[in-house]
1. Could you give each residue of the stretch 82-98 its phi-based ³J(HN,Hα) in whole Hz, using Karplus coefficients 6.51, -1.76, 1.60 with θ = phi - 60°, and x for Gly or Pro?
2. Step through the table entries K78/K99; K121/K251; K18/K251, compare each Cα-Cα distance with 29 Å, and write down the pairs that go over it.
3. If you take the alpha carbon radius of gyration of the stretch 46-135 and divide it by 2.2 N^0.38 Å, what ratio comes out, to two decimals?
4. What list do you get for R100, R105, R246 if you sort them by fewest beta carbons within 10 Å?
5. For E106, E87, E64, E242, what's the fewest-to-most ordering of other Cβ within 10 Å of each Cβ?
6. Could you give each residue of the stretch 235-248 its phi-based ³J(HN,Hα) in whole Hz, using Karplus coefficients 6.51, -1.76, 1.60 with θ = phi - 60°, and x for Gly or Pro?
7. Sort 156-164, 124-132 by the packing proxy (mean of other Cβ within 10 Å over each peptide's residues), most packed first.
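Derivation of every value follows stated rules applied to the coordinates shown; laboratory data play no part. Just so we're clear, the structure is a prediction, and the values are computed from it rather than from any experiment. Please note: Cβ atoms are built from the backbone with ideal geometry, for glycine as well, and neighbour counts cover all protein chains shown.
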Amino acid sequence: MTAYDIFKRVDESTKLGKFFNLVLSNLEISRILHAPKTFIRKDSALYEHLPCSEHEFYRLCLLEIYLHSIISNLHRWKEETKEYINEFSCRWRYYASAKRLESIREYGGGEEDYKPDGSIKTAVGNEVLSHYHIAEYLAPDMNDIFTQTELSDLIFISGHLITESKMDISDMLQGAFGGERPKSYRMENGKMIQNEWTDDILRKVQNENDAWLTVDTLFGVFHEVATLVNTVKNMSRTDDHEAFFRRLPGKIQDLIDLNIEPLPLSETILKQQMQ
């Protein structure tokens, strides 16, 4: 097994971090089975249990990056917003002017940023300052997975989570190598007790129900993140948006604490995509 066979866990003790690690753990088999082992992929009976394509490993890697980026960016957004509120009283020109001067002093500016005596111009218009609006710092117009990901990009995850919940190692081994289905056991009062076939069925049903709850909660998080990102991306760069930004730290904390409404997805649509 190589490093890319497994997901890197989120180094975060919050409820959201723990939940993301649960999701990554539940997707571990998909990651292992889809991780390339040779330059040419060979078919195996084990792969029949997963929605396979040459893009699945790539998409699972992007999911890993996206979950980590959600955590880091939520903390970054919260700190940046607190600065906007506490130090700049939610006044966009005050904030943008300070950020512009800070940027020019650290990285330098163009000729238009300096007076003939070499000092930095401070009297500039809204068009110039709009590039330093807080929204530009939170959601810059660049190829960034946190700001560019849409819900439609993430539907495939549901198929993997539900499919893995139905997977049984005994079924997989029997399908791959034939013979009798290996027996399963459970620990009860310090003794190993063989499961009846009804126990296995009930366990599978419970696993699938848990997987659907995980999917709904995960997409509740994705929906809240996408809503915040799209609001910031589409807002005017020449307004304070004071009401929004004063509420934003609380909304972010609710996400970190997992105080969100699950977003139920159509089971019928997902089943069609999984076929």
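1. 3J(HN,Hα) across the stretch 82-98, in whole Hz: 4, 5, 4, 6, 7, 9, 10, 6, 6, 9, 5, 5, 4, 5, 5, 4, 5.
2. In this structure, K121/K251 lie more than 29 Å apart at Cα.
3. 1.76
4. Least crowded to most crowded, the residues run R105, R246, R100.
5. Ascending number of Cβ neighbours within 10 Å: E106, E87, E242, E64.
6. 6, 4, 8, 10, 9, 6, 6, 4, 4, 5, 6, 6, 8, 4
7. On the way: 156-164: 20.4, 124-132: 14.3.
In descending order of packing, they fall as 156-164, 124-132.
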